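For reference, the structure is listed below as structure tokens.
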């Protein structure tokens, strides 16, 4: 997982990323679930994936776990960037 500036540095939290490029289903979802366990509610987490199944799996994971699917975009390298916002409890 890649992190950027956060509250400790006085800035807005930078997006957090799970790099699952080159990994096949179900590995991107397993990586997402593991990363999400340790993060605070309200955190946005982006999964970078090359497996097209992630386009369906990440929104489904968000829906089934009560998190919010924020959106999808393409990266310059051709990967899919799928962002979820962890639920606020």
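Test of understanding: ordering 47, 70, 52 by Cβ neighbours within 10 Å, fewest first, what list do you get?
Fewest to most other Cβ atoms nearby, the residues stand as 52, 70, 47.
Translational D (Stokes-Einstein, µm²/s) of region 23-85 at 10 °C and 1.306 mPa s when Rh comes from the Kirkwood sum over C-alpha pairs?
Stokes-Einstein gives a translational diffusion coefficient of 137 µm²/s.
To the nearest 0.05, what FRET efficiency results for residue 39 and residue 76 with a Förster distance of 22 Å applied to their C-beta separation?
For residue 39 and residue 76, the calculated efficiency is 0.30.
Could you give the length gained on full extension between residue 85 and residue 24, defined as 0.36 nm per residue of separation minus the Cα-Cα distance, in nm?
Here the segment from residue 85 to residue 24 would lengthen by 19.7 nm.
Taking the number of other C-beta atoms within 10 Å as the exposure measure, put 38, 68, 51, 76 in order starting with the fewest.
Lowest count first: 76, 38, 68, 51.
How much length would be gained if the chain were fully extended between residue 69 and residue 52, taking 0.36 nm per residue of separation minus their Cα-Cα distance, in nm to one decimal?
4.5 nm
Taking Cα pairs under 8 Å and at least six residues apart, what relative contact order does region 30-89 come out at, in percent?
Once divided by the residue count of region 30-89, the mean separation gives 43 percent.
How would you rank 46, 83, going from fewest to most other Cβ atoms within 10 Å of each one's own Cβ?
Fewest to most other Cβ atoms nearby, the residues stand as 83, 46.
Laboratory data are not the source of any read-out in this text; all were calculated from the coordinates shown. Every value quoted in this text rests on a predicted model; they were computed, and no experiment measured them. Counting neighbours? That spans all protein chains shown, and the Cβs are built from the backbone with ideal geometry, glycine included.
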